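*Asks:* I am attaching a structure below and will ask some questions about it afterwards.
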Amino acid sequence: MKVEIMNGTESKADKIRELNDQLRTTFTGGQVVITRGIQSLGESVRTEIMAAISQFDAWSEDVDPHGEHDFVAVEVRGHKVFAKVDYYDIEMKFLSPDPTDPEVTRRVLTIMLAEEY
């Protein structure tokens with residue numbers, strides 16, 4: 001599926017990546033959920049974790065095989081942390097019918113310790 005834009009065409013993965021990057025880098029455009037494990041680490045460590053996730057740029061085929069920037073793994077102060085974007089419908093009952101469309105999708109970025117996965 002191609003999404004038409006004014007200066008050419010943008011693939012479905014391109015649009016999903018753009019929306020995921022917005023959520024991951026600015027923590028806007030969706031909901032951010034922090035697990036109990038992350039919450040228990042204290043404010044200064046949480047701040048470092050959020051910065052590491054928002055600044056992550058080590059994308060590769062191994063890390064991001066679909067080019068959607070929907071999963072990040074970082075290590076902060078000895079804690080392995082995962083951040084995962086999921087796509088739900090607006091009512092958060094089912095998966096989104098179209099993750100490229102913010103009108104029908106609620107993005108959720110879950111930040112967790114690796115051992116909580």
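The values are calculated or read from the model by the stated rules, or taken from the named source; none is laboratory data. No experiment lies behind these values; they were computed from the predicted model shown. Virtual Cβ from ideal backbone geometry, glycine too; neighbours counted across all protein chains shown.
*Asks:* Name the residue that is modelled with the highest pLDDT, counting only residues in the stretch 1-17 that are of a type outside the set (A, V, I, L, M) and surrounded by fewer than 15 Cβ atoms within 10 Å (Cβ to Cβ).
*Replies:* Residues of the stretch 1-17 that are of a type outside the set (A, V, I, L, M), as a first pass: 2, 4, 7-12, 14-15, 17.
Filter once more, keeping what is surrounded by fewer than 15 Cβ atoms within 10 Å (Cβ to Cβ): 2, 4, 7-9, 11.
Working: K2: 40, E4: 42, N7: 49, G8: 55, T9: 65, S11: 92.
Within the stretch 1-17, the match that is modelled with the highest pLDDT is S11.
*Asks:* Here's a check for you: in the stretch 48-89, which residue that is at pLDDT 95 or above and of a type in the set (S, T, Y) is surrounded by the most Cβ atoms within 10 Å (Cβ to Cβ)?
*Replies:* The qualifying residue surrounded by the most Cβ atoms within 10 Å (Cβ to Cβ) is Y87.
*Asks:* How many residues are under 20 Å from I38 (Cβ atoms), in contact with a Ser or Thr (Cβ under 9 Å, 6 or more places away or on another chain) and not polar (S, T, N, Q) if we restrict to the stretch 78-117?
*Replies:* Within the stretch 78-117, residues that are under 20 Å from I38 (Cβ atoms), in contact with a Ser or Thr (Cβ under 9 Å, 6 or more places away or on another chain) and not polar (S, T, N, Q) number 10.
*Asks:* (1) surrounded by fewer than 13 Cβ atoms within 10 Å (Cβ to Cβ); (2) under 12 Å from the mean Cα position of the chain (by Cα): which one isn't true of V32, the others all being true?
*Replies:* (1)
*Asks:* State yes or no: is Q39 more than 22 Å from Y117 (Cβ to Cβ), surrounded by 10 or more Cβ atoms within 10 Å (Cβ to Cβ) and modelled with pLDDT of 95 or more? Steps first, please.
*Replies:* Values: more than 22 Å from Y117 (Cβ to Cβ): no; surrounded by 10 or more Cβ atoms within 10 Å (Cβ to Cβ): yes; modelled with pLDDT of 95 or more: yes.
Answer is no for this residue.
*Asks:* Moving on to the next point. Here are some conditions: (1) over 14 Å from R24 (Cβ atoms); (2) part of a loop (DSSP other than H, G, I, E, B); (3) among the charged types (D, E, K, R); (4) in contact (Cβ under 8 Å) with a residue 24 or more places away in the chain. E68 meets all but one. Which one does it not meet?
*Replies:* In the conditions (1) over 14 Å from R24 (Cβ atoms); (2) part of a loop (DSSP other than H, G, I, E, B); (3) among the charged types (D, E, K, R); (4) in contact (Cβ under 8 Å) with a residue 24 or more places away in the chain, E68 misses (1) alone.
*Asks:* For the stretch 74-117, enumerate the residues that are among the aliphatic types (A, V, I, L, M) and touching a helix residue (DSSP H, G or I) at 6+ places or on another chain (Cβ under 6 Å).
*Replies:* Looking only at the stretch 74-117, we keep the residues that are among the aliphatic types (A, V, I, L, M), and these are 74, 76, 81, 83, 85, 90, 92, 95, 104, 108-109, 111-114.
Listed by number, the residues that qualify are V74, V76, V81, A83, V85, L109, I111, L113.
*Asks:* Further question: Contact list please: Cβ distance under 7 Å, first residue in the stretch 81-102 and over 26 Å from A114 (Cα atoms) and in a strand (DSSP E or B), second residue among the basic types (K, R) and at pLDDT below 95, pairs at least six apart or on different chains.
*Replies:* Filtered contacts from the stretch 81-102: no entries.
*Asks:* Being under 14 Å from D21 (Cα atoms) and in contact with a strand residue (DSSP E or B) (Cβ under 7 Å, 6 or more places away or on another chain) is the filter here; which residues of the stretch 91-109 pass it? Spell out the reasoning first.
*Replies:* Within the stretch 91-109, the first condition is being under 14 Å from D21 (Cα atoms), and the residues that meet it are 99-100, 102, 107-109.
Within the stretch 91-109, P99, T100, R107, V108, L109 qualify.
*Asks:* Scan the stretch 31-46 and report the pairs whose first residue is in contact (Cβ under 8 Å) with a residue 24 or more places away in the chain and whose second residue is among the aliphatic types (A, V, I, L, M) and part of a helix (DSSP H, G or I), with Cβ atoms within less than 7 Å and a gap of 6+ or a chain change.
*Replies:* I38/I49
*Asks:* Would you check if V63 is among the aliphatic types (A, V, I, L, M) and assigned to a strand (DSSP E or B)? Step through it out loud before you land on a result.
*Replies:* Details: among the aliphatic types (A, V, I, L, M): yes; assigned to a strand (DSSP E or B): no.
For V63, the condition - among the aliphatic types (A, V, I, L, M) and assigned to a strand (DSSP E or B) - is not met.
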